[in-house]
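Read through the structure below, which is laid out as structure tokens, and then see the notes.
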Number of protein chains: 2
Amino acid sequence: MPVTDLQNQPARPSALDPAIAARLRRNPDGLVAAVVREHATGDVLMLAWMDDEALHRTLTSGRATYWSRSRREYWVKGATSGHHQYVRSVALDCDGDALLVTVDQVGAACHTGSRTCFNDELPVSGPEENS
Amino acid sequence: MPVTDLQNQPARPSALDPAIAARLRRNPDGLVAAVVREHATGDVLMLAWMDDEALHRTLTSGRATYWSRSRREYWVKGATSGHHQYVRSVALDCDGDALLVTVDQVGAACHTGSRTCFNDELPVSGPEENS
């Protein structure tokens, strides 16, 4: 859901197309969530974060680029590991606070060496369970 | 990336298994992101948020249940629209701040009536473009 307009500001200067920037609903840190999906398999690989400039670089360089919340810097996926993400498509969601980034993934997406970051299966039970 | 331990607290009381709760890395609002994927198609439908109790209800009721940040209440997907999400599996990511929820989706996932929330395609260009 949208945050207030007061909060919905770019955190840093960016060359992002103003028409796109105007559709973003950023969190208080100026970020939107980026769900990363592998083109070939459809698998969800990871969740990362983008500010306006990370989105601009992702859209124009062809390499998925995120904002590292811990290091507070731009992070070109694969720059260190070689596990690049070549961008196929990027879609914004209905309320402007999440992106779906479809990529060609080189090697493992996860820093643990796993192919995806979602490896910890939790137990599901309940009357509506579909098995 | 992890938030500080001081921030990483449940926002509300919950019956969530303590062993699972201990693996969550919550944002300052006590929430983790939930990427929702359709079982049959693999399509990414939406991004929502869960606190500990929403996750507990999702894991034990078989119906995807979120925390509404705008209404500040639990939100059983489909309770109003009939567009339920029957939970197939739930996986936590490597740093504990995002979930991948795989569901059987009834009807449209998006409140706009679209099948998924990610319908606003952004223009991708650049030297690494794969077309």
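The values are calculated or read from the model by the stated rules, or taken from the named source; none is laboratory data. All figures in this text were calculated on a predicted structure; none of them were measured in a lab. Because the Cβ atoms are built from the backbone with ideal geometry, glycine has one as well, and the counts that use them run over all protein chains shown.
Annotation for segment A:7-19: at least one member residue is more than 23 Å from B:V35 (Cα to Cα) and surrounded by 19 or more Cβ atoms within 10 Å (Cβ to Cβ).
B:V124: facing chain A (nearest Cβ under 8 Å), closer than 17 Å to A:L47 by Cα and at pLDDT 95 or above, yes or no? When the stated conditions are applied, B:V124 does not pass them. A:G30 - would you say it is assigned to a loop (DSSP other than H, G, I, E, B), surrounded by fewer than 21 Cβ atoms within 10 Å (Cβ to Cβ) and touching a helix residue (DSSP H, G or I) at 6+ places or on another chain (Cβ under 8 Å)? Judged against the criteria, A:G30 is a match. Of the candidates A:D95, A:D104, the single residue that is surrounded by 14 or more Cβ atoms within 10 Å (Cβ to Cβ), at the interface with another protein chain (Cβ under 8 Å from one of its Cβ atoms), in contact (Cβ under 8 Å) with a residue 12 or more places away in the chain and outside any strand (DSSP E or B) is A:D95. Does B:T80 qualify as being modelled with pLDDT under 95 and among the polar types (S, T, N, Q)? When the stated conditions are applied, B:T80 passes them. Note on segment A:38-56: among residues that are among the acidic types (D, E) and within 17 Å of A:G107 (Cα to Cα), the one that is surrounded by the most Cβ atoms within 10 Å (Cβ to Cβ) is A:E38. Might you check whether a residue that is over 25 Å from B:S89 (Cα atoms), facing chain B (nearest Cβ under 7 Å) and in a loop (DSSP other than H, G, I, E, B) occurs anywhere in segment A:70-82? Taking every residue of segment A:70-82 in turn, at least one turns out to be over 25 Å from B:S89 (Cα atoms), facing chain B (nearest Cβ under 7 Å) and in a loop (DSSP other than H, G, I, E, B). For B:V90, indicate whether it is facing another protein chain (nearest Cβ under 8 Å), surrounded by 18 or more Cβ atoms within 10 Å (Cβ to Cβ) and in contact (Cβ under 8 Å) with a residue 12 or more places away in the chain. It is true that B:V90 is facing another protein chain (nearest Cβ under 8 Å), surrounded by 18 or more Cβ atoms within 10 Å (Cβ to Cβ) and in contact (Cβ under 8 Å) with a residue 12 or more places away in the chain.
In segment B:33-59, which residues are part of a helix (DSSP H, G or I), more than 11 Å from chain A (Cβ to nearest Cβ) and either at pLDDT below 95 or within 26 Å of A:S70 (Cα to Cα) (or both)? Correct list: B:D52 only. For residues in segment B:60-69 being in contact with a strand residue (DSSP E or B) (Cβ under 7 Å, 6 or more places away or on another chain) and at the interface with another protein chain (Cβ under 8 Å from one of its Cβ atoms), which is nearest to A:D97 (Cα to Cα)? The selected residue is B:R69.
Being of a type in the set (A, V, I, L, M, F, W, C) and under 14 Å from the mean Cα position of the chain (by Cα) holds for only one residue in A:A33, A:A11, and it is A:A33.
Candidates in segment A:68-79 are the residues that are basic (K, R) and surrounded by fewer than 19 Cβ atoms within 10 Å (Cβ to Cβ); of these, the one that is farthest from A:I20 (Cα to Cα) is A:R71. In segment B:57-67, is there at least one residue being out of contact with any helix residue (DSSP H, G or I) (no Cβ under 7 Å at 6 or more places or on another chain) and surrounded by fewer than 17 Cβ atoms within 10 Å (Cβ to Cβ)? Checked segment B:57-67: no residue is out of contact with any helix residue (DSSP H, G or I) (no Cβ under 7 Å at 6 or more places or on another chain) and surrounded by fewer than 17 Cβ atoms within 10 Å (Cβ to Cβ).
Tell me, please, whether a residue that is within 11 Å of another protein chain (Cβ to nearest Cβ) and closer than 20 Å to B:A109 by Cα can be found in segment B:22-32. Scanning segment B:22-32, I find at least one residue that is within 11 Å of another protein chain (Cβ to nearest Cβ) and closer than 20 Å to B:A109 by Cα, so the answer is yes.
For segment A:107-120, the tally of residues that are assigned to a loop (DSSP other than H, G, I, E, B) and either more than 8 Å from chain B (Cβ to nearest Cβ) or surrounded by 20 or more Cβ atoms within 10 Å (Cβ to Cβ) (or both) stands at 7.
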